[in-house]
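Structure first, then comments.
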């Protein structure tokens, strides 16, 4: 496969003594990952190694769903719903140039291959819109909204309705 100029990182420098911020492995080209914050951004070095990034890719969406499914706090639920289900990987420490936003593209420097930034289990297009709509219907209102809502029944009804999308919050993160 021929690589197109500008599509893949040409020269990513790894400073001596750089470690993964999660597992503290010495950052070498074998375990380093480059990322693009936006489509037309320059490539930058992620501060997490490939193993930690793969773990985030596998668990980040499922952690969001689990938090949404199990929260008993109206404020937390409101924040989760306003943010919406994630599609691509995001971490303010691992991808500082992305400024807390989802990452556009990843590149595994050690293997010389592009790595999808899409989270395991995340949805796009119509199912994403349907899920977001359903999640908004089951918002828990707190005392500030002068409405007392028992969220247990509402939450269970939501997960039954969304079961056709095979969404599970039971994966451990």
Within the range 19-48, tally of residues that are part of a loop (DSSP other than H, G, I, E, B), farther than 19 Å from residue 118 by Cβ and in contact (Cβ under 8 Å) with a residue 12 or more places away in the chain = 12
Residue, surrounded by the fewest Cβ atoms within 10 Å (Cβ to Cβ), within the range 14-30, restricted to residues that are more than 17 Å from residue 96 (Cα to Cα) and touching a strand residue (DSSP E or B) at 6+ places or on another chain (Cβ under 7 Å) | 26
Which condition number does residue 85 fail, the rest of (1) assigned to a helix (DSSP H, G or I); (2) in contact with a helix residue (DSSP H, G or I) (Cβ under 7 Å, 6 or more places away or on another chain); (3) surrounded by 17 or more Cβ atoms within 10 Å (Cβ to Cβ) being met?
-> (1)
Go over the candidates 56, 80, 97, 123 one by one and state the one that is modelled with pLDDT under 90 and not in a loop (DSSP other than H, G, I, E, B).
-> 80
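The values are calculated or read from the model by the stated rules, or taken from the named source; none is laboratory data. Bear in mind the structure is a predicted one, so any value in this text is a computation, not a measurement. In this analysis, Cβ positions are derived from the backbone assuming ideal geometry, glycine residues included, and neighbour counts consider all displayed protein chains.
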